[in-house]
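Visitor: Input: one structure, supplied below.
Derivation of every value follows stated rules applied to the coordinates shown; laboratory data play no part. Computed from a predicted model, the values in this text were never measured in an experiment. Backbone-built Cβ (ideal geometry, glycine too); neighbour counts: all protein chains shown.
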Amino acid sequence: MWTWFHKLASPPHFYRTAAILSPWLAMPGLALIAWGAWQGLFVVPMDYQQGDAFRIIYVHVPSAYLSLMAYMIMATSGAIGLIWRMKLAHAVAASAAPIGAAFTFLALATGSIWGRPMWGTWWEWGDPRMMSELILLFLYFGYMALRSAIDDTAKADKASAVLALVGIVNVVIVHFSVEWWSSLHQGQTVFKKGTMDAEMKTALLIMILGFTLLFGAMLLRRIRTEVLYRERRTRWVREMILSPEGGS
Amino acid sequence: MDGLAMGGYGAYVWSCFGLTLVIVVFSEWRARIKHKRVYRDIEVRLKALEDRE
Amino acid sequence: MTTQERQIPGMFTGLFAMTRRDLLLAWKRPGDVLNPLFFFAMVCTLFPLAVGPSAEQLEFSGPGVLWVAALLSTLLSLNSLFLSDFEDGSLDQLLVSPQPLPVLVLGKTLAHWLTSGVPLVIVSPLLAITYRMPPSVIGVMMLTLLLGTISLSLLGSIGAALTVGLHRGTALLSLLILPLAMPIMILGANAVSLAASNDVYTTGIWALGAYAIASLSLAPYATAAALRISNE
């Protein structure tokens, strides 16, 4: 188990494995998304309250879920990098941030588009989940800004890991304080629980699974770039690039 | 056509799915370009080093 | 070795020496303490000018405005928390000192709170009166500010430690700290609003107190780690 782990954590081995693994995550992911989207758009009957507008949840919920998961991955791998000084972990953290920010933006945008026909407004300040998601987007921006402001990669890795860890404690507090704040102002809730049929739920779960696999493939691709850049002065990169068959 | 109109909500539903596609594709495209640029930069530097030797 | 070890002063001596030194420095440069206060007063002046001076509106928005102004003025003073120490090299002395770094950091943060948070609490009633806040609500507001500024100073010290020595550090510091500080402002401002409308406001106060205690026990470690990282 541990030798396997150490082998995977070695940059050249990871670089090769990720290239093989990435399409094997992307293809089933895309297939699941295609099937889930078809189900969600055409097959599943419409919601009796929201009509066909509820079909937006098939992209909104997976995005919102991934926005949190990416932050978790970012903070956890940052912590692993800090504690066990694992270089690969920092590359994972650096790669998760832009994808996480993209999905957070997507969750906000689709939530806002859903809000237009449902609430009659593009943006509802009183909704606690929209607020938490917006603050999460700001956390991502802060993280990426700190990373790009520090020139030294090793220093940027450690500093941003500390920030991500402080942020993850805060995400919980943000969630509860925003819930409390919204309960004071009679905020509206986007998606009520327990109003979904089994058929709707299955399609949504398929979508979430597909998005997760796709996210994995996107993450692996970005980590490869990050590893290549960080290892640019090492021998294995030199041998790979100058070899007659070439690398990728 | 009724399936696409979604009871008047078609524009909202389709723009959400479209936006998701656009953002995922854009992110992947940016990642690919970045990878190629990093790879080429290293290649150029290594080739220059080799020529000097 | 043993005589040397005995000569190292205790933890609290280090903490209070740090606080005393920073307070003395602030005393010699009163502008550093006064400028954020002027800024606080000016932000509070901006709102009536922007949204109009009607009495109901001021009463309604008073708690929020005061809290936003307090948050921004605390941010303003945070930038200089480690900057002068970084520039004159005394930060390196702190890092190699035999005292535990989190304790020294706590001392510095305590001094920051005494020179930014406490003056803010003292000045805030003056501005609250102009927003027609009744005395009982002013009391609640001062309590929330007192508890909230503790957390703001501690949280801010993490951001200040992460950005010390960076170019364009000020804007970056705000970008890092504002989303983290939002819960404090939500709790504080809404507790005051609740008090103003004669509602139960204790939830906010308890939560602010809990936040202050949690940040008191965790933030110094994060700040110390961040300082070590930025000064490698």
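Visitor: Using Cα atoms only, what is the angle between the long axis of helix B:10-52 and the major principal axis of chain B, expressed in degrees (0 to 90) to the nearest 10?
Guide: 0 degrees
Visitor: Oh, and also: What whole-number distance in Å separates the alpha-carbon centres of the stretch A:199-228 and the stretch C:92-144?
Guide: With the stretch A:199-228 and the stretch C:92-144 each reduced to a Cα centre, they are spaced 45 Å.
Visitor: Looking only at other chains, what is the average number of their beta-carbon atoms within 10 angstrom of each beta-carbon in C:168-181?
Guide: 5
Visitor: Can you give the translational diffusion coefficient of the stretch B:9-53 in µm²/s, computed by Stokes-Einstein from the Kirkwood radius over Cα pairs at 4 °C and 1.567 mPa s?
Guide: 98 µm²/s
Visitor: With a 10 Å Cβ neighbour count serving as the proxy for reagent exposure, in which order, fewest first, do A:M69, C:M141 appear?
Guide: The fewest-first ordering by Cβ neighbours comes to A:M69, C:M141.
Visitor: Further question: Compute the angle between helix C:135-163 and the longest alpha-carbon principal axis of chain C, please, reported from 0 to 90 degrees and rounded to the nearest 10.
Guide: It is inclined by approximately 40 degrees.
Visitor: Follow-up question, since we're still on this one. Around C:L83, under 15 Å between beta carbons, what's the net of Lys plus Arg minus Asp minus Glu among the other residues?
Guide: Local net charge: -3.
Visitor: Between the stretch C:199-232 and the stretch B:6-53, what's the alpha-carbon centroid distance in Å?
Guide: Measuring centre to centre over Cα atoms gives 39 Å.
Visitor: Order these peptides, A:202-212, C:92-102, A:130-140, by their mean beta-carbon neighbour count within 10 angstrom, highest first.
Guide: Ranked by mean Cβ neighbours within 10 Å, highest first: A:130-140, A:202-212, C:92-102.
Visitor: With the Cα gyration tensor of the protein assembly as shown giving a ≥ b ≥ c as the square roots of its eigenvalues, does the rule (a/c under 1.5 for rounded; else a/b larger than b/c for prolate; else oblate) give rounded, prolate or oblate?
Guide: oblate
Visitor: For A:D47, list long-range residues whose amide hydrogen, built 1.01 Å from N in the peptide plane, is under 5 Å from its own amide hydrogen.
Guide: For A:D47, whose amide H was placed from the backbone, the distant partners under 5 Å are A:F54.
Visitor: Helix C:169-196 against the longest principal axis of chain C: what's the angle in degrees, Cα atoms only, rounded to the nearest 10?
Guide: Computed tilt is about 40 degrees.
Visitor: Shifting gears a bit: Among all lysine pairs in the protein assembly as shown that are eight or more places apart or on different chains, how many have alpha carbons less than 26 angstrom apart?
Guide: Final tally of qualifying lysine pairs is 18.
Visitor: Quick one: net charge of C:L176's neighbours, Cβ under 14 Å, K/R +1, D/E -1?
Guide: My count for the surroundings of C:L176 gives +2.
Visitor: Taking all pairs of different Cα atoms in the stretch A:32-80, averaging 1/r and flipping that mean, what Kirkwood radius in angstroms comes out?
Guide: Taking every pair of different Cα atoms in the stretch A:32-80, averaging 1/r and inverting gives 12.6 Å.
Visitor: If I require 24 Å or longer along the helix axis, counting alpha carbons, and a Kyte-Doolittle average no lower than 0.0, what helices from chain A are left? Use full DSSP H segments.
Guide: A:11-38, A:57-84, A:87-119, A:128-149, A:153-184, A:198-230
Visitor: For the stretch A:216-248, which trypsin sites (Lys or Arg not before Pro) pass both filters: DSSP loop (anything but H, G, I, E, B) and at most 15 other C-beta atoms within 10 Å?
Guide: Listed in order of number, the matching sites are A:R233.
Visitor: Starting from the Cα gyration tensor of the stretch A:51-136, take the square roots of the eigenvalues, sort them a ≥ b ≥ c, and report rounded, prolate or oblate (rounded when a/c is under 1.5, otherwise prolate if a/b is larger than b/c, else oblate).
Guide: Prolate shape, in that a/c is at least 1.5 and a/b is the bigger ratio.
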